[in-house]
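This report refers to the structure that appears directly beneath it.
The values are calculated or read from the model by the stated rules, or taken from the named source; none is laboratory data. All values reported here derive from a predicted model rather than from experimental measurement. Cβ sites come from the backbone with ideal geometry, for glycine too, and all protein chains shown count toward neighbours.
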Amino acid sequence: MPNTSSFKPFTLALIQLGSIGPNKTENLRHAREMILRAALGPVATKKPDLIVLPECFNSPYGHIHFPVYAEKIGFSPGADYDIAVSPSESVKMLSSAAKEARAWVIGGSIPERDVADHTKVYNTCTVYNPDGELVAMHRKVHLFDIDIPGNIKFKVESETLTGGTDLNYFDTDFARIGLGICYDVRFPEMAMIAARKGCHVLVYPGAFNMTTGPLHWELLQRSRAVDNQVFMSMCSPARDLSAGYHAWGHSMVVDPMGRVLGEAGEGEEIVYSDIEPSALESARAGIPVTKQRRFDVYSDKSVDVCGTIIILGSKPPALVTASHPLLLPLSMVRETKYYDLLEVSPNASESDLKKAYRKKALRLHPDKGGDPELFKELTHAYEVLSDPDRRSIYDARGEAGLSEQGGMGGMDPQDLFSQLFGGGGGFFGGGAGRSAGPRKTKDLVHRVHVTLEDLYKGKTTKLALTRNAICTKCKGKGGKDGAVRSCGNCGGRGVKVTLRQMGPMIQQIQSPCDECTGTGEIINAKDRCTTCKGKKVMAEKKYLEVHIDKGMKGGQTIQFRGESDQSPNAETGDVVIVIEEKPHDRFRRQENDLITEVEIDLLTALAGGQFAIKHLDDRALMVKIEPGEVVKHGELKVIHGQGMPSQRHHEPGDLYVKLSVKFPDTIDASAIPLLERALPPRAPVETFDKNIILEEVSLDETDTRTRGGIHDEPMDEDHDEPRVQCANQ
């Protein structure tokens, strides 16, 4: 598959934005504030590379709001776009925030009014680079409309919105990223085309509701990720039960094997996820569906679709058209396995093949911790495709044709690697043969569960762990001097390779050497070290002092370099301590702020008084409510400077207090005149025409065991009216 953008590790931040109301200016101010907060990263030393906002972040969600909040943008791929004169206040804010954050920003989506045809309104996502330039745009392609004769008919979105006509993705310096919006995720063709065009990550801002969210939100993301072996992410608004539309929340990141890497709850929060290319590579190597497509049975439709790609670094950004080399239809070849291994199209030139091999070989080389078998496959693929005669045979007849022509052999992968990178040495150059630099032993990861009190005050704890240490008696040799010899059965490699012919195919099988049990060495039993029994290492107990700094957060790590298992043939790895924050019974943490709920009696709420909050240290905060100040049930107050300390400078956040008022079950009738004097007069009872019959009734307690709950929710993610129908898509 074509893949012109390199794929490197990066950090993704999803902002599950809350407090989206009717005031657009306030919505934009809050979104900017959250972008800059997300840019600080989960730890001071790890900033996100890509920040994502949710669908419709600048306006209430609903088709009746789209035309009211719509903004003109006027962006055309390939043409200069001056942010300073943009008619869109949302675009100006997002550009400024991306520039200040020094990060890529996917600006969720906003209602966009067409500059040329003012009757057209789109649901539009915009993308900004770290310089604040608007580099890509996607208009929601699929609109939510259904029409079931005699049952349900909704023309919710098509009455106000126009569907987009392009499939869009963009290149960064760390990945190629495909775009979609909400309902687009239900159409697997979009994701498949993006993956076939080389996208590593798909990002869809969305807003599923309380019905389809629990059913399909996670299911659809995991399906798109597994179908196409890409990273998949959707970013939702926070759930707000006071709003007209109740979003499901649960912003999510899924890896190519369908594992959920990160998931938000229902409220406002920021989710960070580390995107590792190795997860994509291992998924495609272990379950190689990208190599097993049968385009001799069905056609490759993705080659006929032209998306919009922005070539970064050009001024102005260049629009890729159908004639561009990136989007040329694939050559008619029988198999694409070798091209897929090199991540190039069958039209790739000799120069393109060489560049692709050099780049991927550096990443997969065994001396860099890569998979030896995958490195061999990659090298063999390059060896075949770089030979014009063998390439023509492969294009026409595939691997079977090479086998029939005796073309399945080849030089040693290390020799080919050395030819391309110079020198006769190993991966790091110098020396003869394959002498490589020291590898590193596996890191030991240990999780430490700490309380919120520990994170507030700081804590030092001792951790005991067992690791392998080099035997002090034999100094890691395993026996007497000269007693250790290379295994003759496997040539010191620890593995045996056998070839098995299956029809026209030759299968190469690798298995551990049974003579040396995979070590590559043999030591006579009488010559083995009596202490380590020839294993070269001994188990030892190690004590580490772990200092948990004030303000640390769950998920942060503490690294002890060189404290993992020792090996005579490898550099010692690290011990990594992962902080796990235990749930607290009184406080909930949000970044450096704390949230708590306090119940006060009705008298205190109306006439003033005091209540106490036991803090996370040795203090209790005495909170005074002044007489005459009325506290409403559910009201949110703040105590500045009483939140969590920041990690580095220990500057405190704020403590938010949600107040609930406890009403008495009954009241003395004799006290009612006093209440009538103190409280505002009762609201007058509504009057009716004389022809209306008045009937007195009483209120009884409800019995939830015999009465079902009352539901008043829209039934799909892409509409919020009417509420009396049920339409699940």
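Enumerate the strands (runs of 3 or more DSSP E) found wholly within the stretch 192-275, keeping only those where 1 or more residues are surrounded by fewer than 23 Cβ atoms within 10 Å (Cβ to Cβ), without any contact (Cβ under 8 Å) to a residue 60 or more places away in the chain and aliphatic (A, V, I, L, M). Please lay out each step first, then the result.
Working: elements: 201-205, 231-235, 252-254, 260-263, 269-275.
Those strands (runs of 3 or more DSSP E) span 260-263.
Contact annotation: residue pairs with Cβ atoms under 6 Å, 6 or more positions apart or on different chains, pairing a residue in the stretch 595-619 that is under 30 Å from Gly458 (Cβ atoms) with a partner that is assigned to a strand (DSSP E or B) and of a type in the set (D, E, K, R), are Ile595/Arg588; Glu597/Lys658. Here the condition is being outside the structural domain of Glu591 (by TED's automatic domain parsing), in contact with a helix residue (DSSP H, G or I) (Cβ under 7 Å, 6 or more places away or on another chain), of a type in the set (Gly, Ala, Ser) and over 22 Å from Pro237 (Cβ atoms); of Ser86, Ser76, it holds for Ser86 alone.
Please verify whether Glu55 is of a type outside the set (Phe, Trp, Tyr), crowded, with 20+ Cβ neighbours inside 10 Å and in a strand (DSSP E or B), treating the condition exactly as stated.
Details: of a type outside the set (Phe, Trp, Tyr): yes; crowded, with 20+ Cβ neighbours inside 10 Å: yes; in a strand (DSSP E or B): no.
Criteria not met by Glu55.
Scanning the stretch 524-582 for residues that are free of Cβ contacts under 8 Å to residues at least 24 places away in the same chain, over 30 Å from Gly262 (Cα atoms) and not charged (D, E, K, R) yields one hit, Ala525. Residues of the stretch 364-385 include none that is modelled with pLDDT of 80 or more, within 22 Å of Asp352 (Cα to Cα) and not in a helix (DSSP H, G or I). Ile506 - would you say it is farther than 24 Å from Lys442 by Cα, modelled with pLDDT under 75 and hydrophobic (A, V, I, L, M, F, W, C)? For Ile506, the condition - farther than 24 Å from Lys442 by Cα, modelled with pLDDT under 75 and hydrophobic (A, V, I, L, M, F, W, C) - is met.
So if I check each of Val657, Val631, Val598, Val661, which one is among the aliphatic types (A, V, I, L, M), assigned to a loop (DSSP other than H, G, I, E, B), over 30 Å from Arg447 (Cα atoms) and within 47 Å of the chain's Cα centre (by Cα)?
Details: Val657 fails: assigned to a loop (DSSP other than H, G, I, E, B); Val598 fails: assigned to a loop (DSSP other than H, G, I, E, B); Val661 fails: assigned to a loop (DSSP other than H, G, I, E, B).
Testing whether each residue is among the aliphatic types (A, V, I, L, M), assigned to a loop (DSSP other than H, G, I, E, B), over 30 Å from Arg447 (Cα atoms) and within 47 Å of the chain's Cα centre (by Cα) leaves just Val631.
Can you work out which of the residues in the stretch 74-92 that are under 21 Å from Thr172 (Cβ atoms) and not hydroxyl-bearing (Ser, Thr, Tyr) is surrounded by the most Cβ atoms within 10 Å (Cβ to Cβ)? Result: Val91.
Could you check, for the stretch 141-163, whether at least one of its residues is assigned by TED's automatic domain parsing to the domain that holds Ser59, assigned to a loop (DSSP other than H, G, I, E, B), modelled with pLDDT of 90 or more and basic (Lys, Arg)? No: the stretch 141-163 contains no residue that is assigned by TED's automatic domain parsing to the domain that holds Ser59, assigned to a loop (DSSP other than H, G, I, E, B), modelled with pLDDT of 90 or more and basic (Lys, Arg). For the residues Val91, Val68, Val127, Val135, the requirement of being of a type in the set (A, V, I, L, M), within 30 Å of Leu241 (Cα to Cα) and outside any helix (DSSP H, G or I) singles out Val127.
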